[in-house]
1. Contour minus end-to-end for residue 46 and residue 20, with contour as 0.36 nm per residue of separation and end-to-end as the Cα-Cα distance?
2. Using a Förster distance of 35 Å, how high is the FRET efficiency between residue 38 and residue 13, based on the Cβ-Cβ distance and rounded to 0.05?
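None of the figures in this text is laboratory data; all of them are computed from the coordinates on show. Every value quoted in this text rests on a predicted model; they were computed, and no experiment measured them. Cβ sites come from the backbone with ideal geometry, for glycine too, and all protein chains shown count toward neighbours.
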Amino acid sequence: MSEQYSKGTIEGDKKTKWICGCFLTTDNYFKFCSTHNQTLQKAIQDQIDELDMTLIVEEDN
Ligand SMILES: [Zn+2]
């Protein structure tokens, strides 16, 4: 819960803001507008296969 960004924290710390509503904060946190969030989410999911990332599997030891 503590790692979740609260809206109040972001507001004062924007580094770059785009006209569509996307913005980048001073600590390099990207917040995308609803339009680009959907597009980027799909793009990222496509990229994950190419990056050959491995899922974390919890072990029951
Ligand atoms: Zn956007």
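1. Working it through step by step, the gained length comes to 7.0 nm.
2. 0.90
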